[in-house]
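Heads up: the structure comes next, in structure tokens.
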Amino acid sequence: MSEPAREQWASRAGFVLATLGCAVGLGNIWRFAYVAGENGGAAFLVAYVACVVAIGLPAVLAEFALGGRARLDVVGAFSTGRAPRARRRAGAGAVLTAFLILAYYSVVAGWAYKYFAGYATGELRGLPRGEAAARFAAFLREPFEPTAWHFAFMASATAVVALGVARGIERASRILMPLLGAIVLLLAGYALSLPGAARGLAFLFAPDWSALARPGLYLAALGQAFFSLGVGMGVLITYASYVREGERLPRAAGMIAAGDTLFAVAAGIAIFPAVFAFGLDPAQGPALAFVTLPQVFALMPGGGWFATAFFFLLSAAALTSAVSLLEVVAAFGMRRLGLARRTAALLAGLAAFAAGVPAALGSGVWRDVALLGRGILEVMDYVTGSLLLPLGGIAVVVFVGWFVPRAAAVEASGLRSGALVRLWLLAVRYLAPAAIAVMLVALAGA
């Protein structure tokens, strides 16, 4: 079966923007906000940045090095080096992880599509304070509507991937990423003008150093860093496989880690001052975006346009991330099965839609179905985020650190400084695997 010609990014900026788009998603807005809220705000932010620098960034560069060296999909990339069996294990595991995350991620992103449409048309504007929770619960209980929005979101992601790397993914990223940056800064600036905004800033930036003594804080920070940066799901390997010769991967990895973190912080500035300004609880879990914030929008001056902009931001950020997940599965189908891009994208999108339908129905007609004491969507999130993602991350760093020859790994990484090489290898070989192993053990006992 002949292998199709390998596509490439049209430019360095396109690669960076597309990869930043895969990192910037619901994890930066929906997940970061509520995880920070549940873990004390500023103390969590300190631990999060430390985890990104010490563990996340070296892991990102390891995935870049693996993808850039192999120039294959994630399964093919893991077949190189001295561990051929990893092709069937780590590589296939990464594809499975991306597929499962995409399946339930699309369901939550469909909720964002629904709320964007509702605020854009005026349907959801001016909800009484007590009605937001009831409206969201009623929407989730519908047997058809959540599934329809799940389908709409998956269809849009499939359309982008079907157009190809340069014409689809890169072009969409060039439009959406600058737009997302402008919107989040605009929303943050407006939130800072609200009365009581200083309390939100203090929550986010004034650390309670005693919180740093809680081990759970570091586990949450490490898990958020992996979820947000996209480590362990094959996306970074796949995107790096499309780079041109001579691309400076360390600079790109640094830009992506910094951009992803700054975007999450800016989103926090947009959310927490508004939440505190109207006396609501910042530690509301996933309901923060769909229950708490609509109450804020109903009370704040100009809340209708703020809500429309916010849910567009949430929807577009989710789309760039979903596109990257779908590309992992489609790239595997193209190389392994010899499928044309459009066929691979369509089949992968339909399969992910079907796999996500139980999660879409999990709060409605299947709300009584429970696995491991959790609902369907919560189980999918737990299995991928608490098990498959850490396993994928540890597979990457161990493979690059110990099975790819040292000289080849260093050359593929693009690092030129001897000191940086030693620090990177120390992180990839020892620090990152140890931290991820501790996280796995802790989560298994939770």
When the range 21-30 is checked residue by residue, the ones that are modelled with pLDDT of 75 or more and either hydrophobic (A, V, I, L, M, F, W, C) or in contact with a Cys (Cβ under 9 Å, 6 or more places away or on another chain) (or both) are 22, 23, 24, 26, 29
Among what's in the range 31-50 and is under 21 Å from residue 102 (Cα atoms) and either of a type in the set (S, T, N, Q) or surrounded by 24 or more Cβ atoms within 10 Å (Cβ to Cβ) (or both), pick the residue that is modelled with the highest pLDDT.
32
Test set (1) of a type in the set (Asp, Glu); (2) at pLDDT 90 or above; (3) over 24 Å from residue 19 (Cβ atoms) - residue 327 fails condition number:
(3)
Under 7 Å by Cβ, and 6 or more places apart or on different chains, what pairs join a residue from the range 424-444 that is of a type outside the set (A, V, I, L, M) with one that is part of a helix (DSSP H, G or I)?
424/58; 424/61; 424/413; 429/401; 429/402; 433/394; 433/397; 433/398
Condition (residue is hydroxyl-bearing (Ser, Thr, Tyr), touching a residue at least 40 places away in the same chain (Cβ under 8 Å), crowded, with 24+ Cβ neighbours inside 10 Å and in a helix (DSSP H, G or I)) applied to the range 300-313: is it met by at least one residue?
no
Which of (1) aliphatic (A, V, I, L, M); (2) in contact (Cβ under 8 Å) with a residue 12 or more places away in the chain; (3) under 29 Å from residue 38 (Cβ atoms); (4) out of contact with any Pro (no Cβ under 8 Å at 6 or more places or on another chain) does residue 140 not meet, given it meets every other one?
(4)
Residue check: is residue 153 crowded, with 21+ Cβ neighbours inside 10 Å and modelled with pLDDT of 95 or more?
yes
Subset of the range 51-79 (residues that are buried (at least 24 other Cβ atoms within 10 Å of the Cβ) and assigned to a loop (DSSP other than H, G, I, E, B))
73, 78
Some residue of the range 252-259 being surrounded by fewer than 21 Cβ atoms within 10 Å (Cβ to Cβ) and either of a type in the set (D, E, K, R) or under 21 Å from residue 95 (Cα atoms) (or both):
no
Here the qualifying pairs (Cβ atoms under 8 Å; residues six or more apart or on different chains; first in the range 109-136 and free of Cβ contacts under 8 Å to residues at least 60 places away in the same chain; second among the small types (Gly, Ala, Ser)) come out as 123/117
So residue 253 passes all but one of these: (1) farther than 22 Å from residue 226 by Cβ; (2) modelled with pLDDT of 90 or more. Which condition number does it fail?
(1)
Qualifying residues in the range 422-443 (those that are within 19 Å of residue 50 (Cα to Cα) and β-branched (Val, Ile, Thr)) - the one surrounded by the most Cβ atoms within 10 Å (Cβ to Cβ)
436
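The values are calculated or read from the model by the stated rules, or taken from the named source; none is laboratory data. As the structure is a computational prediction, the values presented were derived from the model and not from experiment. Heads up, the Cβs are rebuilt from the backbone with ideal geometry, glycines too, and the neighbour counts pull from every protein chain shown.
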